[in-house]
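Rule-based calculations on the coordinates, nothing more; no lab input. Only a predicted model underlies this, so the values are computations on that prediction, with no experimental measurement involved. Don't worry about glycine lacking a Cβ; one is built from the backbone with ideal geometry, like all the others, and counts go over all protein chains shown.
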Amino acid sequence: GYRDINDFGVDLNDPLFSKQWYLINTGQADGTPGLDLNVAEAWKMGYTGKGVTIAIMDDGIDYLHPDIAFNYNAEASYDFSSNDPYPYPRYTDDWFNSHGTRCAGEVSAVANNNICGVGVAYNSKVAGIRMLDQPFMTDIIEASSISHMPQVIDIYSASWGPTDDGKTVDGPRELTLQAMADGVNKGRGGKGSIYVWASGDGGGYDDCNCDGYASSMWTISINSAINDGRTALYDESCSSTLASTFSNGRKRNPEAGVATTDLYGNCTLRHSGTSAAAPEAAGVFALALEANPNLTWRDMQHLTVLTSKRNKLHDELHQWRRNGVGLEFNHLFGYGVLDAGAMVSLARDWKTVPERFHCVAGSVQETHKIQSGAKLALSITTNACQGRENFVRYLEHVQAVVTVNASRRGDLVLNLTSPMGTKSILLSRRPRDSDSTVGFDKWPFMSTHTWGEDPRGTWKLEVGFGGESPQSGYLKEWTLMLHGTQSAPYIEQVVRDYQSKLAMSKKEELEEELDEAVERSLERMMSKS
Amino acid sequence: EEGIYTNHLLVQLHEGGNEDAQQLALEYGFGSARQLPFGERLFHFYPRDTPKTRRKRSLLRRQHLDKDQRVKKVIAQEGFERQKR
C-alpha cells in the first residue's frame, strides 16, 4: 500500500533526509521500498509531535546542536550523574558519549533547516536525562530518572539495560519499580507515563525476558530490523517484545545505517546497535499522542498491537504465527513494524480501553525434577477469576512467575501454551549462561503473544534443556498471572479500514459476545425449566 | 554476586527540606544533596567529585551521618552494571 515519496509532497531540505530510509524507504542503500515507519502519512495528516515531550534517558544530549537546540526542553531536563540541570555529554573513561545525542536526533531533529536529518516527530520537544555516566548505576539514579517531571514529560526512551552478555539476569530494583508503577498510574495526569525500551543487543545468545525492564508490562519493548527487513544480528528475541522499528544492521553499505545528529554539531550515518529502535518508536508514539493526547499508557500498547505491520520483515528463525484471536505475531519482531500513519488515524477516534484487572490464575508449588531428554509438562486450568470482581476475559499481558534452578541455567528452555493454542517461547537457550547456583527466583517471564485471547481453560508450561550435555534441575514454583479487561476493548472503537486488524478483532469480539449472551440465556432457560 | 557499594547514599531526614539536606551533606563531606520526588523527605547524597574516595573514610562518614539526630535512615547505594545498546 506504499506509494512513491513524491505522492506525499514531502520535500525537506535537510541533507540527510534522503538517507533516512527508516522514515521513507524508497529502496535506497539496497533497502526494500516501503519498509519504513510510514511517517509521511502521519505528517501529511498534520501530526509532527507538537506539544509532546520525549525524554532520552542516556548519557546526555548535545543541546547546543543546531538541529536539536530549537526542540530542546531545558525545563524538563536534568543531569542525575552530576546532579545539575545541564545534561550535556561529558568525557567519560570510555569516551563513548554520543549515544544520547544520536537518540535525540531520531526523535526531534528540526525539519527543513538544512542541517543533518529530520526527527520522526520533528516538532516535538526533547528532554535530556543524563544518568548513565557514573562508574556504576544505582537504584536511586534510575528511579530519579524514570520519575523525573512526569506531568511534563510524556514519553521516556531508554536504549540501555542489564549487560547483554547472555548470562545476566537483572532488572529494576525497589525504588525504580515503585517509580515505574507511579509513572503508569500517576504520570501525565493519570493517563500514565509511556516507557519505551530497546530490547537488547545480546543477539542469539541472549533472551530479553531476562531483562526486567524490557519484559515489564509497564514498558513497551521494541526490537529492530535493518533496511531490508532482516534482523540486525545483535537483536535479542523474547516473548515480551511488542513491536519493532529500525536500526543499522549488517550491511556493508554505509548508508544503510541510521542517519541522525551527532556530538558537537555533527551528523552521523551510523547510529549503532538496537538503541535507535527505542527513540524511533518514541517518535511514533509522540505523533499518536498529538493526534489524541488522552491516550493512556495501555491505549498506546493496544494501538501498537493493532497497527503494527508484518510488512516485509523477515525472520529466518521464527515463523510468523496467528494467536487465538487472529493477531499475527513473531517471536523476534512482536506484532510487526510500527506504522505511524495507521497509528495516528486510529488514535484520533480511539476510545480509552476498559479498566484492567489482574487474576492469579493458579499456582504449582510442588517441586518437580527436570531431566535432560525429557520435558517437564505442567498445566493450570483456570476460569480466569470468572464470577469475581477481578475476572479477566480479554488478555493483555500474561506472566509466568517461575522459580527454577539448573546445573546449567543457560540450557533451560520454557514454553507456555494458552488455552486457545498459542505457544510462546518464554525462555530460549542462552549458551553463555553457565550459572548453576542462582537460577531464576520468582522471575516474571512475560508474553504479549496471547493479546486479546480468552484465558479460560488449560495453560501448559513446558520446561526442558536445550543443550547437548546432560543437565538436571528443579522447578519449585510456577504461578500464572493474567492481566487484561473484563469487557471487550475494541467493540466500541470506530472502524474506518475494513481490512485492518481492528476490524477483524472487533468482529471477533462481537461474535464472542453474542455467543456468550446466547449461552447465558440458554442457561437461564434451562435453570428455569 | 556480592554488591558493589558506591558512595551515593539514600538519606531520609526526620524533618526539613533541601537546604537542611544540603547543609548536612556539606557538613559530612558530601558533594551535594537532591530531594527525591517520591517518598517522604528522601534525599540523594552525592559523593564529592574526588577521583577515589578511600573506602574506610567513606564508611566512617556514613556511620557518623547515620548517628546524626536529624537523620532517620541512611541506605548505601549498591552499584550495578547498565550497558548502552
Place a point 7 Å from the Cα of A:Tyr498 in the direction of its beta carbon; the residues of segment A:346-365 whose amide N falls under 12 Å from it are none
Could you go through segment A:378-394 in sequence order and give the Karplus-derived ³J(HN,Hα) for each residue, using 6.51 cos²θ - 1.76 cosθ + 1.60 with θ = phi - 60°, rounded to whole Hz, and x for Gly and Pro? 10, 9, 10, 9, 9, 9, 6, 6, 4, x, 10, 6, 10, 4, 10, 9, 10
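Hydropathy first: keep DSSP H helices in chain A averaging at least 1.0 on Kyte-Doolittle, then drop any whose Cα extent along the axis falls short of 18 Å, and list what survives. Spell out each step's value before the answer.
Values: long enough: A:277-291 (22 Å, 1.21); A:501-528 (40 Å, -1.06).
Result, helices passing both filters: A:277-291.
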Measure out, as a whole number of angstrom, how far apart the alpha-carbon centroids of segment A:388-430 and segment A:59-102 sit. 39
Relative to the longest principal axis of chain B, what angle (0 to 90°, nearest 10) does the C-alpha long axis of helix B:18-27 take? 70
Using only the alpha-carbon atoms of segment A:275-417 as identical scatterers, what base-10 log of I(q)/I(0) does the Debye formula give at q = 0.11, 0.16, 0.21, 0.22 Å⁻¹? -0.62, -1.09, -1.30, -1.33
Please state the shape class of segment A:238-335: rounded when a/c is under 1.5, otherwise prolate if a/b exceeds b/c and oblate if not, all from the C-alpha gyration tensor. oblate
Gain in span if fully extended, A:Leu510 to A:Asp349, counting 0.36 nm per residue against the direct Cα distance: 56.0 nm
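Can you give the Kirkwood hydrodynamic radius for the protein assembly as shown, in Å, rounded to one decimal and based on Cα pairs?
Numbers: mean 1/r = 0.0398 Å⁻¹.
About 25.1 Å for the protein assembly as shown.
Using the structure shown, list the pairs from A:Lys125/A:Lys191; A:Lys167/A:Lys506; A:Lys125/A:Lys507; A:Lys125/A:Lys186 with a Cα-Cα distance above 30 Å, or answer none. If you can, show how the numbers build up before the last one.
Values: A:Lys125/A:Lys191 19 Å; A:Lys167/A:Lys506 42 Å; A:Lys125/A:Lys507 39 Å; A:Lys125/A:Lys186 21 Å.
From the list (A:Lys125/A:Lys191; A:Lys167/A:Lys506; A:Lys125/A:Lys507; A:Lys125/A:Lys186), the Cα-Cα distance tops 30 Å for A:Lys167/A:Lys506; A:Lys125/A:Lys507.
Give the order of A:Cys103, A:Cys116, A:Cys208 when sorted by the count of other beta carbons within 10 angstrom, beginning with the fewest.
Numbers: A:Cys103 33, A:Cys116 26, A:Cys208 29.
So the residues, fewest neighbours to most, are A:Cys116, A:Cys208, A:Cys103.
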Radius of gyration, Dmax [segment A:379-463; alpha carbons; angstrom]: 14.4, 46
Label model pair A:Asn13, B:Gln35: point-to-point distance (7 angstrom along the Cα→beta-carbon line) in nm is 4.8
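Counting other C-beta atoms within 10 Å, which of A:Trp218, A:Trp320 has the fewest, and how do the rest follow?
Working: A:Trp218 22, A:Trp320 14.
Lowest count first: A:Trp320, A:Trp218.
Among A:Thr403, A:Thr274, which comes first, second and so on when ranked by fewest other beta-carbon atoms within 10 Å? It would help to have the intermediate numbers written out before the result.
On the way: A:Thr403 17, A:Thr274 30.
Going from sparsest to densest Cβ surroundings: A:Thr403, A:Thr274.
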Give me the distance between the Cα centres of segment A:125-171 and segment A:242-291, rounded to whole Å. 18
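Grab the Cα-Cα distance for A:Thr381 and A:Val360, subtract it from 0.36 nm times how many residues apart they are, and report the gain in nm with one decimal. Spell out each step's value before the answer.
Numbers: separation 21, 0.36 × 21 = 7.56 nm, distance 1.16 nm.
Extra length available between A:Thr381 and A:Val360 comes to 6.4 nm.
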